[in-house]
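The values are calculated or read from the model by the stated rules, or taken from the named source; none is laboratory data. Just so it is clear, the structure is predicted and the values come from calculations on it, not from any experiment. Here Cβ is always computed from backbone atoms with ideal geometry, including for glycine, and neighbour counts include all displayed protein chains. Only protein heavy atoms, including side chains, enter the accessible area calculation; ligands, DNA and RNA are left aside. Shrake-Rupley method; radii C 1.70, N 1.55, O 1.52, S 1.80 Å.
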Amino acid sequence: MQRMIALLILLIPGFIAALGIKWMRDTVFGILHAPIPSLVIQFLLGLFCFIIGLSFIAGFILHRDRKRNKVQPRFQKKKRFDSQ
């Protein structure tokens, strides 16, 4: 059940990133979608959606790999030493 929930959590940002790529591609070909007033705004919204979706997926994978100690030392969390 946990794997199904994790898959659903990753599908939503994946669809957002795919929508961003589609909007950027449509801007290159001059296709304007109805709720967006200009091609420049459509491209910027597409870029924003792509970056947000990709960064969420990348952060999810990094968090999972850090928990399993499968990352390089430079990507591991720094341990805090408290001097008491």
Quiz item: When only residues in segment 23-62 that are aromatic (Phe, Trp, Tyr) and in a helix (DSSP H, G or I) count, which is surrounded by the most Cβ atoms within 10 Å (Cβ to Cβ)?
Solution: TRP23
Quiz item: Identify, please: which residue in segment 63-73 is under 21 Å from ARG3 (Cβ atoms) and assigned to a helix (DSSP H, G or I) and is, among those, least open to solvent (accessible area, probe 1.4 Å)?
Solution: ASP65
Practice problem: Go through segment 1-59 and give me each residue that's among the aromatic types (Phe, Trp, Tyr) and under 14 Å from the mean Cα position of the chain (by Cα). | Solution: PHE15, PHE48, PHE50, PHE56
